[in-house]
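To start, the structure under review is shown below, and the notes come after it.
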Amino acid sequence: MDVLFFAFANDRDNPLPNLEKEDELIYSLLAPRQAQMHFMIHRDSFADLGQITEYLTLYRKRIVLFHYSGHADGQGLFLGGEDAKARGIAELLAQCDRLKLVVLNGCSTQAQVQLLQEKNIPVVVATSAPIADNKAAEFAIQLYRSLANQENISEAYDAAKGKVLAMDDKVHFERSSGRMAATSTDPQASLWGLFQQAGMDETTQWSLPLGMSNEEQADFVPNSILIENLMEAFAPYNAEIRQMRENESLGVAANILDKREAALKCPPHPISEQIRKLLVPETGSMGPFYDKLGSARLLQMKTTYETIVEMMAFIMLGQLWDALSENPKIPIQPKLRELLQNFFRLTATQRRQYDFFPLIIQLRETLDEHDLSYFVPELKDLQGVFQPGEPFYEACQYFETLRKQVASAEPSENEAEIQCVAAEEQLGKVLVQLGFIALYTVASVKNIDVIKPRHLKTPKYKHTVVKLVQRFVGLAEEPELLEKFMDNTSVLLIREKDGQRNFMNLSPFVIDENAFDAKAPIAKLHYFDRYIREQDSYVFRHIYKPSDQPLLITKQLHYLVVKAQFDAFAQLLFQQNLQKSL
């Protein structure tokens, strides 16, 4: 099995916090891949010369990556005791026939690159000047986060570069094929470089081994992980699932079909429908078969993740609208205003890869800054688990990487089959943290009639409501008589608690195309996709069938209310309509 060798020159008695953080987070990022037998990690948190020499020799036929972090210079690695001379390290690494990448994440290590290139080491990442400990840690963490998510060396280096530039845009980076640049002594020019052998450009396309054998792949049962994660996620909020888990603890196993049906009833319909595609075998012989390993399943897991995250974002946007409607004087920070303007300016290509989390985080910070209540208070609590190293955070990063990869080029069928296992594990981690969505229902309100016969003193309101709850027999309109009216032609997020029904309007970010036509079939939900400023037009994407032709709202009379809502939102944010504000 391939070996990834990590050496951290930390001090047992007085460990450096940033080096300790780098060590722990890199391991947490790669450990799930090791558990799947993709590779083996050799991790030495307090490396010394004897250990490095011993294990480089022991694993020399299996090492594909060597990483060093700690104090260093162009002459060697500082190990706290006896230092490792650069020429000796180069000799040891030269014996590693399968070595692809060496990372020397210490100060001024670039002078060692020439020695390594003389030994035909394919790719080296090194530094040309002293580097701050926190930047060194963040560079390495992002590098291995990207590698763990199956990006190649070149892509991972660029991602790490972006992370550091977000912290300090004056840091310089370089790439070199063959002859390298001279080492800098200017601390202000601190930079990382990626150096590869001349004529070996393909080496930067190397990515971590996947390692799953055909036998292991054949033995994996799709949805085995996902169903158990769904049961774990929803048990605290659903009595039926809770009872199943209690029975299983007593040795009474639940039927897999019962588990599947119970789990699918829990999340709001836009999410449950995406999960259903993964869990329920498609009928007929044409497919696509989302319950089988392959590209169709991988892309459906990506779509499920996107559906979840976009709903979170649109809930937060709806929350902001409600807050500004109640108090238009709430100050909006320039950063949030800029993020929202950029969101509305996205092109179709940019929208496919758009990362909602910076916007979600800024929305949360705005709500918290002004002590505003959340309709979904559990979204506030996610702050604690959306941190580097936490399973939820890293699972989201996995899917953000997958989205970028797929946007560039869809994986081959073989690659997709292998990736499906990791994707199912990561999707499960996302869902486990979002079990609270079982408390909420999505409903579409089509029509509202006032019921006021002469003998009644107060009117009642007859709502034609489509409650979007997963049923195998389909959806149905449910007329309801209510003392108060809800919003018309709207998609609502509803929570019933202590006999009270509360709702928040998700429109116009989520709309039901059929709610605007009383004669139309039941429920055809769309997410807002993008705005075309030149045409003053809005593009919406079918939630359940995202590859379908999008809905384009321009000047259709029955959709003018949608345009009016966006302009009202823009007026609260930018003090002018959306077209003028961009």
Some residue of segment 286-294 being assigned by TED's automatic domain parsing to the domain that holds Val221, closer than 30 Å to Ala570 by Cβ and either at pLDDT 95 or above or outside any helix (DSSP H, G or I) (or both):
no
Considering only segment 108-121, I want to know if a residue exists there that is outside any helix (DSSP H, G or I) and in contact with a Phe, Trp or Tyr (Cβ under 6 Å, 6 or more places away or on another chain).
no
Can you confirm whether segment 98-114 contains a residue that is at pLDDT 85 or above, in contact with a His (Cβ under 6 Å, 6 or more places away or on another chain) and either of a type in the set (A, V, I, L, M) or under 30 Å from Glu425 (Cβ atoms) (or both)?
yes
In segment 463-516, which residues are at pLDDT below 80, crowded, with 21+ Cβ neighbours inside 10 Å and within 13 Å of His269 (Cα to Cα)?
Val466, Leu468
Subset of segment 396-414 that is without any contact (Cβ under 8 Å) to a residue 12 or more places away in the chain and in a helix (DSSP H, G or I) - its residue that is surrounded by the most Cβ atoms within 10 Å (Cβ to Cβ):
Asn414
Of the residues that sit in segment 195-208 and are assigned to a loop (DSSP other than H, G, I, E, B) and more than 18 Å from Leu402 (Cβ to Cβ), which one is modelled with the highest pLDDT?
Trp206
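The rows are residues; the columns are (1) surrounded by 15 or more Cβ atoms within 10 Å (Cβ to Cβ); (2) in contact with an Asp or Glu (Cβ under 9 Å, 6 or more places away or on another chain); (3) in a helix (DSSP H, G or I).
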residue: His526; (1), (2), (3): yes, yes, no
residue: Arg530; (1), (2), (3): yes, no, no
residue: Glu534; (1), (2), (3): no, no, yes
residue: Tyr538; (1), (2), (3): yes, yes, no
residue: Gln549; (1), (2), (3): no, no, no
residue: Lys555; (1), (2), (3): no, yes, no
residue: Leu560; (1), (2), (3): no, no, yes
residue: Asp567; (1), (2), (3): yes, no, yes
Every residue in segment 34-62 that is under 18 Å from Lys100 (Cα atoms), touching a helix residue (DSSP H, G or I) at 6+ places or on another chain (Cβ under 7 Å) and in contact (Cβ under 8 Å) with a residue 40 or more places away in the chain, please.
Phe39, Leu56
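Condition check ((1) among the β-branched types (Val, Ile, Thr); (2) in the same structural domain as Trp192 (by TED's automatic domain parsing); (3) surrounded by fewer than 19 Cβ atoms within 10 Å (Cβ to Cβ)) across all residues:
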{"residue": "Leu29", "(1), (2), (3)": "no, yes, no"}
{"residue": "Pro32", "(1), (2), (3)": "no, yes, yes"}
{"residue": "Glu54", "(1), (2), (3)": "no, yes, yes"}
{"residue": "Thr109", "(1), (2), (3)": "yes, yes, no"}
{"residue": "Asn120", "(1), (2), (3)": "no, yes, yes"}
{"residue": "Ala132", "(1), (2), (3)": "no, yes, yes"}
Hey, does segment 209-219 have a residue that's at pLDDT 80 or above, closer than 30 Å to Ser128 by Cα and within 29 Å of the chain's Cα centre (by Cα)?
yes
Pairs with Cβ under 8 Å, 6+ apart, first in segment 144-163 and in the same structural domain as Ala126 (by TED's automatic domain parsing) and closer than 15 Å to Val102 by Cβ, second assigned to a loop (DSSP other than H, G, I, E, B) and of a type outside the set (Gly, Ala, Ser):
Leu147/Leu208; Ile153/Lys100; Ile153/Trp206
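So which residues in segment 95-107 are surrounded by fewer than 21 Cβ atoms within 10 Å (Cβ to Cβ), in contact (Cβ under 8 Å) with a residue 60 or more places away in the chain and in contact with a Leu (Cβ under 8 Å, 6 or more places away or on another chain)? Spell out the reasoning first.
Initial filter on segment 95-107 (surrounded by fewer than 21 Cβ atoms within 10 Å (Cβ to Cβ)): 95, 97-98, 100.
Add one more test, that the residue is in contact (Cβ under 8 Å) with a residue 60 or more places away in the chain, and what stays is 98, 100.
The one that is surrounded by fewer than 21 Cβ atoms within 10 Å (Cβ to Cβ), in contact (Cβ under 8 Å) with a residue 60 or more places away in the chain and in contact with a Leu (Cβ under 8 Å, 6 or more places away or on another chain): Lys100.
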Restricted to segment 229-258, and to residues that are hydrophobic (A, V, I, L, M, F, W, C) and loosely packed, with under 12 Cβ neighbours inside 10 Å, which residue is nearest to Arg276 (Cα to Cα)?
Leu257
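The values are calculated or read from the model by the stated rules, or taken from the named source; none is laboratory data. Everything numeric here is computed off the predicted structure, so don't read it as measured data. Counting neighbours? That spans all protein chains shown, and the Cβs are built from the backbone with ideal geometry, glycine included.
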